[in-house]
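Visitor: Let me give you the structure first, and then I'll get to my questions.
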Amino acid sequence: MNWPRLLLLAVLTIACGGSIAGQQRVAAQKAGRVPLDSTAVKLDRLDPAIDQIVPKDAKLERIATGFKWVEGPVWIEGSLYFAEIPSNTIRKWTPGFGVSKVLGSTGYQGMRPYGGPEPGSNGMTLDVEGRLTIAGHARRDVYRIDSPYMRGPWTVLPLTMLADSYQGKKLNSPNDLVYRSDGSLYFTDPPYGLRTQKDTDPEKELKVNGVYRIPHAFDQKSAEPTRSELQLLISDLPRPNGIAFSPDEKVLYVDNSEPKKIWMRYRVQPDGSLTDAKLFYDATSDTRQGAPDGMKVDEKGNVYSTGPGGVWIFSPEGKPLGTIVMPEKSANVAWGGPDRKTLYITASTSIYRIHLMIAGAPLVRGR
């Protein structure tokens, strides 16, 4: 027998098999059938209660990558929609299909290059009818797509402009937003979507970086915003960013990215106004990469927010329970999956997910 020849054939067979298996694995990863990689979660445990939230064998899975800065995740009918701000697009990731582009020019609408780092849209949320509402960021507005759950195709995109100015002055760059069950919409308005991202930006018209309320956002139907109704609720935060309600809507959480890295809580009154401002948590001394940004709550009222080092998890009383340490600077989070126990995390270049033990609070609350 020609043993050298047989040995060579065996090696080639193994190599080809490995090559085919590798190609199949890459194809499955691109299609979103399997994660790009999966590692044991690195968790800073600050309180034993975190073990009732994060499983001991939890994995951090990277499901998509190749971006510059991803934000605004929202789970819609089996897919994760998100904003890729530098490319001025909204995209979606669907299990079994991977990433696809949904919309272009979602922020800046001009023909010339923007000239700033964040030309796209930012935060997104849904109203009770499933209509996608978007913080326009570099558009300097808040708008809604008037087609439930992004159902198209469209000849002309059906849009309703919800807010673009306050007392005759353009908004800075709406960043994140959340609906209340009465149909009102709350949003933050820092200057990060402006070309220089500074308060001295020549195009910045408002002195404040505020938190606003649109009283009748759900019922808005006209093409032009009802500008006279826009309410400025918070004006003393230098960089308001992430925003979320407690499950019972009695508390509104707003975080501030810089110079202080803090989370605030406010008591929500029946008329939608805010009172009793209190410091929820201060992480200013934490020098790890990242700052307070997007956040959500679970059905038990725990708060999940990106921040220094990764994703912070707080009790409803503001006690830090632990931090999911992330491999890159993280921007925002969203609940997804059929049981809403999967936390999706948008980071600098990638999207990650982790399966947890408590379901997320419903994003949409009935009226």
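Visitor: Given Cα pairs under 8 Å that are at least 6 residues apart, what percent is the relative contact order of the stretch 179-218?
Guide: Working: 47 pairs, mean separation 21.7, N = 40.
Answer for the stretch 179-218 is 54 percent.
Visitor: Divide by every residue of the chain the summed helix terms, -39500 (n - 2.57) for each DSSP H run of at least 4, and state the resulting mean residue ellipticity at 222 nm, rounded to the nearest 500 deg cm²/dmol.
Guide: Rounded to the nearest 500, it is -2500 deg cm²/dmol.
Visitor: Here's something else I'd like to know. With charges only on Cβ, +1 for K and R and -1 for D and E, what is the dipole size of the chain about its Cα centre, in debye, rounded to 20? If you can, show how the numbers build up before the last one.
Guide: On the way: 46 positive and 40 negative charges, 198 e Å.
It comes to approximately 960 debye.
Visitor: Oh, and also: With all protein chains present and a 1.4 Å probe, how do V156, V268, V208 order by accessible area, largest first?
Guide: The residues order as V156, V208, V268, largest area first.
Visitor: Given +1 on the Cβ of Lys and Arg, -1 on the Cβ of Asp and Glu, and no further charges, what dipole in debye does the stretch 277-367 carry about its Cα centre, rounded to the nearest 20?
Guide: 260 debye
Visitor: Also, I was wondering about something else. Over 17 Å, how big is the tail of the calculated P(r) for the stretch 279-367, in percent of all Cα pairs?
Guide: On the way: 1770 of 3916 pairs.
Percent of Cα pairs beyond 17 Å in the stretch 279-367: 45.
Visitor: Please quote Rg/Rh for the stretch 215-306 to two decimal places, taking the Kirkwood radius as Rh and restricting both calculations to Cα atoms. Each step should come with its number before you reach the end.
Guide: Details: Rg = 14.9 Å, Rh = 14.6 Å.
Checking Rg against Rh, the ratio lands at 1.02.
Visitor: Rounded to a whole number of µm²/s, how large is the Stokes-Einstein D of the stretch 140-225 at 20 °C and 1.002 mPa s, given Rh as the Kirkwood radius over C-alpha pairs?
Guide: The estimated diffusion coefficient comes to 154 µm²/s.
Visitor: Among S105, L159, S147, which residue has its Cα furthest toward the positive end of the charge dipole of the chain, with +1 on Lys/Arg Cβ and -1 on Asp/Glu Cβ?
Guide: S105
Visitor: Above 22 Å lies some portion of the pair distances; for the stretch 53-139, what is it as a whole percent of all C-alpha pairs?
Guide: For the stretch 53-139, the fraction of Cα-Cα distances above 22 Å is 33 percent.
Visitor: Report the one residue of L252, G318, G120 whose Cα lies farthest in the direction of the positive end of the charge dipole of the chain (charges on C-beta: Lys and Arg +1, Asp and Glu -1; origin at the Cα centre).
Guide: Among L252, G318, G120, the one farthest towards the positive end of the dipole of the chain is G120.
Visitor: Of all chymotrypsin sites (Phe, Trp or Tyr not before Pro) in the stretch 34-140, which ones are in loop regions per DSSP and have a Cβ with at most 14 other Cβ atoms within 10 Å?
Guide: Here the sparse-neighbourhood loop sites are F97.
Visitor: Could you please state, rounded to a whole Å, how far the C-alpha centre of the stretch 115-163 is from the C-alpha centre of the stretch 74-102?
Guide: Their Cα centres are 14 Å away from one another.
Visitor: Next question, about the same structure. Could you order V41, V297 by accessible surface area, starting with the largest, using a probe radius of 1.4 Å?
Guide: Result of the area sort, largest leading: V41, V297.
Visitor: If each residue of separation counts as 0.36 nm, what is the full-extension length gain between L159 and D37 once their alpha-carbon separation is subtracted? Let's see the in-between values first.
Guide: Details: separation 122, 0.36 × 122 = 43.92 nm, distance 3.79 nm.
Contour length minus the Cα-Cα distance gives 40.1 nm.
Visitor: In a Debye calculation with equal point scatterers on the alpha-carbon sites of the chain and no solvent, what is log10 I(q)/I(0) at q = 0.10, 0.12 Å⁻¹?
Guide: -0.60, -0.84
Visitor: Picking from R112, R45, R265, which is most flexible by a Gaussian network model of the chain using Cα springs under 10 Å?
Guide: R112
Visitor: Write down the radius of gyration of the stretch 206-255 and its Dmax, each obtained from C-alpha positions, in Å.
Guide: Considering the stretch 206-255 through its Cα atoms, Rg and Dmax are 12.8, 33 Å.
Visitor: Can you give me the orientation-averaged projected area of the convex hull built on the Cα atoms of the stretch 127-286, in nm²?
Guide: Mean projected area for the stretch 127-286: 10.3 nm², to one decimal.
The values are calculated or read from the model by the stated rules, or taken from the named source; none is laboratory data. The structure displayed is predicted, hence computed values, not measured ones. All Cβ positions, glycine included, derive from the backbone under ideal geometry; neighbour counts span all protein chains shown. We work out accessible area using only protein heavy atoms, side chains counted, and drop any ligands, DNA or RNA first. Shrake-Rupley method; radii C 1.70, N 1.55, O 1.52, S 1.80 Å.
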